[in-house]
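Here the structure is laid out as structure tokens; the discussion comes afterwards.
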Amino acid sequence: MKKTVLIVLFGLFLLPAITSAHGPSRQKVVKEIEINAAPEKVWAIISDFCSIKLWLPPVTECESDGTNNPDIIRTLTLENGEKLREQLLKHLPEKMMYQYMIDKANVKAVPVSSYGSSIRVTAGENGGSIVTWKSGFYRGFMNNNPPPELNDEAAIKAISAIYDAGLANIKKLAEQ
């Protein structure tokens, strides 16, 4: 009888608390675009870590030490005045790729936390290029029951919109 009561109590009270307490899960966004330009031309547009101000529309300023050395920090200023700090993790010109992460989350700038990303240029099958931009991140609100502007859907939507705008602009610049 005591076992039955304990099992019922566990099922009614403890199990729901345990299953609802796990918090957010990691989200991913992967976007690709085909560009009718040589990979070297496309890489020249995006290779400098601070060149993002030239090809990502919401970015109005980029400040860094001017190098592409791992561990440098770039501070982006967005059209809405918010700032975002990102750290370069790897810069591999021979692979036409770099990896970076948000160094200090600012959910007013982008509703994510623990964001890491990479962007790469590869040769396309038809002589052009393919740019792949991908990331993994958590939503901006790390506890349960996030407000709508900081939930998983808002984070995925924001990153997807950023990537779509950036990739479209890279394509436009490379194909001119």
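The values are calculated or read from the model by the stated rules, or taken from the named source; none is laboratory data. Note that the structure is a prediction, hence the values are computed from the model and not measured. Don't worry about glycine lacking a Cβ; one is built from the backbone with ideal geometry, like all the others, and counts go over all protein chains shown.
Considered as a group, the residues in the range 89-136 that are in contact with a helix residue (DSSP H, G or I) (Cβ under 9 Å, 6 or more places away or on another chain) and not in a strand (DSSP E or B) include one that is surrounded by the most Cβ atoms within 10 Å (Cβ to Cβ), and that residue is P111.
Just one of the listed residues (E32, E61, E86, E40) is assigned to a helix (DSSP H, G or I) and either β-branched (V, I, T) or modelled with pLDDT of 95 or more (or both), namely E40. Got at least one residue in the range 42-62 being surrounded by fewer than 17 Cβ atoms within 10 Å (Cβ to Cβ), touching a residue at least 24 places away in the same chain (Cβ under 8 Å) and over 24 Å from G140 (Cα atoms)? Looking for residues that are surrounded by fewer than 17 Cβ atoms within 10 Å (Cβ to Cβ), touching a residue at least 24 places away in the same chain (Cβ under 8 Å) and over 24 Å from G140 (Cα atoms), one finds at least one in the range 42-62, hence yes.
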